[in-house]
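Below is one structure, written out as structure tokens; the observations come after it.
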């Protein structure tokens, strides 16, 4: 007689398993089928299609007990992800995906199902896509951050503390100077880090259209997903959109001009002080560069340096 545990109906994509390194990640992904089965049962859900995934999350299309579509999202709980349910509750459903249920300690969320085939990346006109994203961003950052989120002030100070050591890893002296310039811009703003609710990762693939059945009067035509929320200055939100469709920027006659065009459009729509927004965007460049150096890079990514030089006018 076979008393072995029946095989789970949930299959973890190999690409998700391979997306991160380390023993903790391997343990977590190995336990994912069991975790998924637990919440399928707890919330009376049925699988409704193949799994999808992001950088760290497994996303399962499901049907609820009443037959309505949803998605079960499972992700590790860490400093970036733990505030996602809180942010979605604060924003509500007008400009963000609806949170239907959650178990914060487990990293499990039941979310409304959006149209995964329609992201802002599918909008042919790059300027129109940026206008949509900027309008959405204006609504999101208008909300004061609730207590319990990461603070931009702490993140910025931690970056500044690492700059002297990390700069020495760069082979090019001009890149070391650029990193120091970005750090100086952040240092000038550190006394006023802001207290708005930031999405932190608002790029085109994190903005989806609702399903036709969820398109109701007063609801935005484009909705934010997958926030990594923190409390801070909205100027820290601009870099992902400045980098989106980078081939379009490269294809222009003047890269710096194209970057500044995007920056000016976003700051106008979101109603940001451009000097402060430029400083915090340089801070976001600094953050990305420090991460790259931490991963072993000895040179900076060309798009990062291009954006920094465009905002510095150099």
task: Hey, can you tell me all the residues within segment 48-79 that are within 18 Å of the chain's Cα centre (by Cα) and touching a residue at least 60 places away in the same chain (Cβ under 8 Å)?
output: 52, 54, 57, 79
query: Which condition does residue 255 not pass, out of (1) surrounded by fewer than 19 Cβ atoms within 10 Å (Cβ to Cβ); (2) touching a residue at least 24 places away in the same chain (Cβ under 8 Å); (3) more than 22 Å from residue 302 (Cβ to Cβ), if it passes all the others?
result: (3)
Unique residue being free of Cβ contacts under 8 Å to residues at least 40 places away in the same chain and either in a helix (DSSP H, G or I) or closer than 17 Å to residue 204 by Cβ (or both) when the list is 137, 160: 160
task: Give 88, 100 a once-over and let me know the one that is part of a helix (DSSP H, G or I) and in the same structural domain as residue 69 (by TED's automatic domain parsing).
output: 88
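So, residue 32, is that one buried (at least 17 other Cβ atoms within 10 Å of the Cβ) and either in contact with a helix residue (DSSP H, G or I) (Cβ under 7 Å, 6 or more places away or on another chain) or part of a loop (DSSP other than H, G, I, E, B) (or both) or not? Step through it out loud before you land on a result.
Details: buried (at least 17 other Cβ atoms within 10 Å of the Cβ): yes; either in contact with a helix residue (DSSP H, G or I) (Cβ under 7 Å, 6 or more places away or on another chain) or part of a loop (DSSP other than H, G, I, E, B) (or both): no.
No, not satisfied.
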- prompt: Which ones in segment 20-29 are surrounded by 10 or more Cβ atoms within 10 Å (Cβ to Cβ) and at pLDDT below 90?
  reply: 20
- request: Looking only at segment 293-314, count how many residues are surrounded by fewer than 17 Cβ atoms within 10 Å (Cβ to Cβ) and either touching a helix residue (DSSP H, G or I) at 6+ places or on another chain (Cβ under 8 Å) or outside any helix (DSSP H, G or I) (or both).
  value: 11
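Would a scan of segment 28-37 turn up a residue that is without any contact (Cβ under 8 Å) to a residue 40 or more places away in the chain, touching a strand residue (DSSP E or B) at 6+ places or on another chain (Cβ under 8 Å) and more than 22 Å from residue 206 (Cβ to Cβ)? Break it down into steps so the answer makes sense when it comes.
At the first step, the residues of segment 28-37 found to be without any contact (Cβ under 8 Å) to a residue 40 or more places away in the chain are 29-31, 33-34, 36-37.
Checking which are touching a strand residue (DSSP E or B) at 6+ places or on another chain (Cβ under 8 Å) leaves us with 36.
Going one step further and asking which of them are more than 22 Å from residue 206 (Cβ to Cβ), we end up with 36.
So far as segment 28-37 goes, yes, one or more of its residues are without any contact (Cβ under 8 Å) to a residue 40 or more places away in the chain, touching a strand residue (DSSP E or B) at 6+ places or on another chain (Cβ under 8 Å) and more than 22 Å from residue 206 (Cβ to Cβ).
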field: Residue, farthest from residue 44 (Cα to Cα), within segment 55-72, restricted to residues that are buried (at least 17 other Cβ atoms within 10 Å of the Cβ) and in contact with a helix residue (DSSP H, G or I) (Cβ under 9 Å, 6 or more places away or on another chain)
entry: 56
- request: Filter segment 214-254 for residues that are in contact with a helix residue (DSSP H, G or I) (Cβ under 7 Å, 6 or more places away or on another chain), more than 26 Å from residue 146 (Cβ to Cβ) and in a loop (DSSP other than H, G, I, E, B) and give the result.
  value: 244, 245, 252
- line: When segment 51-85 is checked residue by residue, the ones that are part of a strand (DSSP E or B) and modelled with pLDDT of 95 or more are 58, 59, 60, 61, 62, 63, 69, 70, 71, 72, 73, 74
message: Restricting to segment 103-126, name every residue that is touching a residue at least 12 places away in the same chain (Cβ under 8 Å), farther than 18 Å from residue 223 by Cα and not in a strand (DSSP E or B).
response: 104, 105, 106, 107
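Given the structure, is residue 123 closer than 28 Å to residue 245 by Cα and not assigned by TED's automatic domain parsing to the domain that holds residue 203?
Working: closer than 28 Å to residue 245 by Cα: yes; not assigned by TED's automatic domain parsing to the domain that holds residue 203: no.
So residue 123 fails the test.
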query: Do you know which residues across segment 132-160 are out of contact with any helix residue (DSSP H, G or I) (no Cβ under 7 Å at 6 or more places or on another chain) and either over 23 Å from residue 89 (Cα atoms) or modelled with pLDDT under 95 (or both)?
result: 153, 154, 155, 157, 158
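The values are calculated or read from the model by the stated rules, or taken from the named source; none is laboratory data. Values in this document were obtained by computation on a predicted structure and should not be read as measured data. Here Cβ is always computed from backbone atoms with ideal geometry, including for glycine, and neighbour counts include all displayed protein chains.
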